[in-house]
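See below for the structure under consideration.
The values are calculated or read from the model by the stated rules, or taken from the named source; none is laboratory data. Everything numeric here is computed off the predicted structure, so don't read it as measured data. Cβ placement follows ideal geometry from the backbone for every residue including glycine, while neighbour counts extend to all protein chains displayed.
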Amino acid sequence: MKQFSSKRSIQILAHLLKEYGIFNFVISPGSRNAPLAIHFSETDEFNCYSIVDERSAGFVALGMAKSEKKPVAITCTSGSAAANYYPAITEAFYQNVPLLVLTADRPTDFVDIFDGQTIRQKDLYSQHSYGDFQLLEDGKENADEQNFDLIKKAIELCFEKKGPVHINIPLEEPLYEMVSELPTFPPVEKTIQKKSFEIPSNLVAEWNTSKRIMILVGTRDYSEELEMQLSQLVKNHSAVVLCEANSNLRNENFFSHIDRYIYNFSEEDYKTYAPELLITVGQNVVSKKIKQFLRKARPKNHWHIDEVWQPDTFFSLTEKIETSAENFFSKLLNFAKLEPQPFYNLWDVLRDKKDLKHQEYCLLTNFSDFKFFESLSSKLPENINLHFSNSSAIRYAQLFDFNKNKVYCNRGTSGIDGSTSTAMGFAMRNKNQTVLVTGDLSFFYDINGLWNNYIPPYTRIIIFNNGGGDIFKIIPGPSSTNALDEFILTKHHKNAELLAKHFGFGYTKVDEEDTLLRVLENFFKPDLKAKILEVDTSAVENAEVLKGYFEFLK
């Protein structure tokens, strides 16, 4: 016989989640949230996942939400457990990934009286959530009606903003009273708002009179519609489209390796290649050089297109266009003049020159992080879900071609803390193979991302282990300090072999190029369990190889 929680607030919550189609539920263990764990695990419609570490659980849910492109609910017990969600919530906030965060709490009278596992949970995430709600305890007057309205508002806000929304749920003891039958709740009238958009005539005029148009696409999910729209805009060389690996765009007329082209720009180059009209799409851009370039360029007009975020990243924003990129360009294409412009040819000549230099350097380079990424780009199967960790991994990815796959990276806050957990959460809800490419520090930092029973056997993890945070040898500054090795780079001699065995992964280690190429031939093929490949480059001065690359491009 099924047993459900007797808590009316939990029954109402489950009813509304079903009404809005939120069925994936990540549960971390505890007693205060036991009514939620009992209720949702006993309800057939919900897919429940047990993730012990709340910090990892938040990122696992984020990966699931990115995979399915709809909200995922997470729940934990009270106290510091709720605080451990915060890194994933900030990432979801800046990526616009919908998480419904359900924190169980002590009754409101227990806060700040030194009761166990009790902190100030109300509005805990207010700086990085799109809404914060606190339910009434079941025994309070009009609790059912108010909680129904609050939960409904929270869920709709999560859909509208595509980001994290918090519901704090004070629960009185007893926590383990159950019922075998549920009450009937009233039907839900959904009131999610959708904004209409018509393109202003002044924007059409700006496009049609601009001779130097640049479209810069940052981090965003793959969109066939947007890819087709931008392809139409560049077909006649009317505009320059710059994109990155995690922009998920594919067209030979797009400029896909920004740093390859602009890394060694002189002051004169900054003027020569500057746009008159800049249109930005998507979110965080990896390349620091493009930020420096466009901040110096100060384009006459800068439009940013996004439904939620309108950041003035380049200190030149003139138009905040609050709609989807697909909606905007569908309207623009009805009016835009698509005439060939010398500006495109200018960039095209630059590209040909730098691409040739890139190919020459690849032939000169021996086994290293750089060579690993070159080899990986040629050996990956098509149509996989390719996740990169932050720091070096996503930066190396910009230099090579990974556009036959969908690329993901946590660039909302750009931290290394949840890359593995995010990729594993994505893999749990996706039928296609997920491959995580991660640096050693990012992998070791987030090993609890492997601590669950749901990772599909076709999941693959590749660790390039250079013996520390090699990014700090690449960027200017850290190498000039005495603190580099121990406190910044955090040099180490660890490997993942025993961790792989502990978590039930297959494991292979390589430390030279021929073996790497041979292993990559079979690494992605089906197997009975998930696998880890560790590429040990710790004996190589990888930072010098990469610095040599950019010097060679001059």
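Mind counting the residues in the stretch 208-223 that are outside any loop (DSSP other than H, G, I, E, B) and touching a strand residue (DSSP E or B) at 6+ places or on another chain (Cβ under 7 Å)?
5
Out of Val217, Val241, Val234, which single residue is without any contact (Cβ under 8 Å) to a residue 60 or more places away in the chain and buried (at least 17 other Cβ atoms within 10 Å of the Cβ)?
Only one candidate qualifies: Val241.
So how many residues does the stretch 224-275 have that are among the basic types (Lys, Arg), over 25 Å from Arg411 (Cα atoms) and not in a loop (DSSP other than H, G, I, E, B)?
Here is the first cut: in the stretch 224-275, the residues among the basic types (Lys, Arg) are 235, 250, 260, 271.
Subsequent filtering for residues that are over 25 Å from Arg411 (Cα atoms) retains 235, 271.
If we keep only those that are not in a loop (DSSP other than H, G, I, E, B) too, we end up with 271.
Residues in the stretch 224-275 being among the basic types (Lys, Arg), over 25 Å from Arg411 (Cα atoms) and not in a loop (DSSP other than H, G, I, E, B): 1 in total.
Could you identify the single residue in Asp105, Asp53 that is touching a Leu at 6+ places or on another chain (Cβ under 8 Å) and either among the charged types (D, E, K, R) or not assigned by TED's automatic domain parsing to the domain that holds Leu171 (or both)? Can you show your working first?
On the way: Asp53 fails: touching a Leu at 6+ places or on another chain (Cβ under 8 Å).
Criteria check complete, one pass: Asp105.
Considering (1) buried (at least 22 other Cβ atoms within 10 Å of the Cβ); (2) closer than 19 Å to Ile51 by Cα, say which one Trp451 fails and leave the rest.
(1)
Hey, among Lys291, Lys337, Lys320, which residue is touching a residue at least 12 places away in the same chain (Cβ under 8 Å) and assigned to a helix (DSSP H, G or I)?
So the residue among Lys291, Lys337, Lys320 that is touching a residue at least 12 places away in the same chain (Cβ under 8 Å) and assigned to a helix (DSSP H, G or I) is Lys291.
For the stretch 132-190: of the residues being small (Gly, Ala, Ser) and either assigned to a loop (DSSP other than H, G, I, E, B) or outside the structural domain of Thr90 (by TED's automatic domain parsing) (or both), which is surrounded by the most Cβ atoms within 10 Å (Cβ to Cβ)?
Gly163
Restricting the search to the stretch 528-540, which residues are more than 11 Å from Ser375 (Cβ to Cβ) and in a strand (DSSP E or B)?
First, pick out the residues of the stretch 528-540 that are more than 11 Å from Ser375 (Cβ to Cβ): 528-534, 536-540.
Selection gives Lys531, Ile532, Leu533, Glu534, Asp536.
Do you know which residues across the stretch 279-311 are more than 11 Å from Gly218 (Cβ to Cβ) and of a type in the set (S, T, N, Q)?
Within the stretch 279-311, Gln292, Asn301, Gln310 qualify.
Across the stretch 158-186, which residue is modelled with the lowest pLDDT among those that are among the β-branched types (Val, Ile, Thr) and out of contact with any helix residue (DSSP H, G or I) (no Cβ under 8 Å at 6 or more places or on another chain)?
Thr184
Which is touching a residue at least 40 places away in the same chain (Cβ under 8 Å), polar (S, T, N, Q) and surrounded by fewer than 18 Cβ atoms within 10 Å (Cβ to Cβ), of Asn284, Asn366?
On inspection, the qualifying residue turns out to be Asn366.
Give me a count of the residues in the stretch 83-130 that are without any contact (Cβ under 8 Å) to a residue 60 or more places away in the chain, at negative phi and not β-branched (Val, Ile, Thr). Write out each step before concluding.
First pass over the stretch 83-130, keeping only residues without any contact (Cβ under 8 Å) to a residue 60 or more places away in the chain: 83-86, 109-116, 118-130.
Filter once more, keeping what is at negative phi: 83-86, 109-111, 113, 115-116, 118-122, 124-130.
Subset that is not β-branched (Val, Ile, Thr): 83-86, 109-110, 115-116, 120-122, 124-130.
Qualifying residue count, the stretch 83-130: 18.
Can you pull out the helices (runs of 4 or more DSSP H) entirely within the stretch 410-527 that have at least 1 residues that are at pLDDT 95 or above and either touching a Leu at 6+ places or on another chain (Cβ under 8 Å) or of a type in the set (Phe, Trp, Tyr) (or both)?
419-428, 440-445, 497-503, 513-523
Give the residues of the stretch 33-69 that are assigned to a loop (DSSP other than H, G, I, E, B), surrounded by 24 or more Cβ atoms within 10 Å (Cβ to Cβ) and at pLDDT below 95, sorted by residue number.
Asn33
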